[in-house]
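Asks: The structure is given below, and queries will be raised subsequently.
The values are calculated or read from the model by the stated rules, or taken from the named source; none is laboratory data. Treat the numbers as computed from the prediction; the structure is a model and nothing was measured. Note that each Cβ is placed from the backbone with ideal geometry, even for glycine, and that neighbours are counted across all protein chains shown.
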Amino acid sequence: MAESPVFLNTDVVARLLCYGDLLPRLESAMGKFSKRESSEIIQPVRSVVPIHKHDGFLGLMPAYMAAEGILCTKMVAFYKRAEGSSLPSTQATVLLFDPEYGNVTAIMDGEAITARRTAAVSAISAKLLKPALSEVLCILGSGQQARSHYDVFTKVFKFKEVHVWSRRREMAEQFVNDLRGLVTLCSSVKEAVMGADVIVTATSASEPILFGEWVKPGAHIAAVGACRPDWRELDDVLMREALVYVDSREGALAESGDIILSGAQIFAELGEVINGSFPAQREKTTVFKSLGMGIQDAVTAKLVLEKWKMEQLRTENTASPDD
């Protein structure tokens, strides 16, 4: 008889999940995905149910990784919140299954998983594509994704300046107040991105907010917002003049308004750069359009469960025996 599934809340997941462990696993998974060996990885494009009455969507992101023994799905609800709303725009739950028997082995709150795996993949894109000399980081947005990107980018790279802008001034002020380091709060997107070597767009925008004429030639942009075919963060000039990298060609062509509406051509998947089948072009302006993939959630959740089990085992081994 199968054991009851483990439930891990946001606090537990966040405590167990560190970027040092996560980055190499994600890099390996994305490389394997781009080899397109169907027997190894099965990951359909995200299914999305519109919730028109409440201006929201429910997405389902399953993935099966045979060699790693991982069967997983994430259910993610994302909403366009009204100005001033204190409600989160995204909420998620991740389920891990035993691939042999099909029973659920773990249920995890997906907030930290989504935030950290997304930021980690953006950091991988920057490692491969950013200018060799990168001193200025710009973050557009002030929500959970902005925070996770700040955390990993300042851990992995050495920036001299960080510029922040957000549509919600009070959230941006709180975000900056919570950070340590040389962080400048900017009053406009143009001010924030001028001179930036690496730009992260993590907004809820549905119309372009970042324009190519403002972007420093050779800069790298990690675009993680605008996950619907009719939403955008980047304008036509930027999308058409930059080399565009994606996590999944199928996902980007189905879901990315930045790509679909601009008519931009996809140069390569990030996994193809990891595999060495496509070059990393550091001299040119590059855009990594991130939509998120089920395999990213899958390897992240597996890592969390492994670390939780190790922690439980250590607790058992150090417990005093009964008299």
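Asks: Only one of these conditions is not met by SER204: (1) at pLDDT below 95; (2) surrounded by 24 or more Cβ atoms within 10 Å (Cβ to Cβ). Which number is it?
Replies: Status for SER204: all satisfied but (2).
Asks: So which residues in the range 180-200 are within 17 Å of THR154 (Cβ to Cβ) and either part of a loop (DSSP other than H, G, I, E, B) or among the hydrophobic types (A, V, I, L, M, F, W, C) (or both)?
Replies: If the condition is that a residue be within 17 Å of THR154 (Cβ to Cβ) and either part of a loop (DSSP other than H, G, I, E, B) or among the hydrophobic types (A, V, I, L, M, F, W, C) (or both), then ARG180, GLY181, LEU182, VAL183, LEU185, ALA192, ALA196, ASP197, VAL198, ILE199, VAL200 are the ones that fit.
Asks: Quick one: is THR184 buried (at least 17 other Cβ atoms within 10 Å of the Cβ) and on the phi < 0 side of the Ramachandran plot? Full working, then the answer.
Replies: Numbers: buried (at least 17 other Cβ atoms within 10 Å of the Cβ): no; on the phi < 0 side of the Ramachandran plot: yes.
No; evaluated as a whole, the condition is false for this residue.
Asks: When the range 107-131 is examined, which residues are found to be part of a helix (DSSP H, G or I) and acidic (Asp, Glu)? Reasoning before the result, please.
Replies: Within the range 107-131, the first condition is being part of a helix (DSSP H, G or I), and the residues that meet it are 111-129.
Residue satisfying the conditions is GLU111 alone.
Asks: Can you name the residue in the range 207-242 that is assigned to a loop (DSSP other than H, G, I, E, B) and aromatic (Phe, Trp, Tyr) and is also surrounded by the most Cβ atoms within 10 Å (Cβ to Cβ) among such residues?
Replies: By that ranking, first place goes to TRP231.
Asks: Just the residues that are of a type in the set (A, V, I, L, M, F, W, C) and over 15 Å from PRO131 (Cβ atoms), please, taken from the range 157-167.
Replies: VAL162, VAL164, TRP165
Asks: Of all residues in the range 29-42, how many are among the polar types (S, T, N, Q) and free of Cβ contacts under 8 Å to residues at least 40 places away in the same chain?
Replies: Number of matching residues: 2.
Asks: What are the residue pairs meeting all of these: first residue in the range 82-106, first residue in a loop (DSSP other than H, G, I, E, B), second residue basic (Lys, Arg), Cβ atoms under 7 Å, and 6 or more apart or on different chains?
Replies: LEU87/ARG81; SER89/ARG81
Asks: Quick check on this structure: which one of SER86, SER148 is assigned by TED's automatic domain parsing to the domain that holds THR300, out of contact with any strand residue (DSSP E or B) (no Cβ under 8 Å at 6 or more places or on another chain) and hydroxyl-bearing (Ser, Thr, Tyr)?
Replies: Going through SER86, SER148 in turn, just one is assigned by TED's automatic domain parsing to the domain that holds THR300, out of contact with any strand residue (DSSP E or B) (no Cβ under 8 Å at 6 or more places or on another chain) and hydroxyl-bearing (Ser, Thr, Tyr): SER86.
Asks: Could you check how many residues of the range 269-290 are part of a strand (DSSP E or B) and closer than 18 Å to LYS32 by Cβ?
Replies: 1
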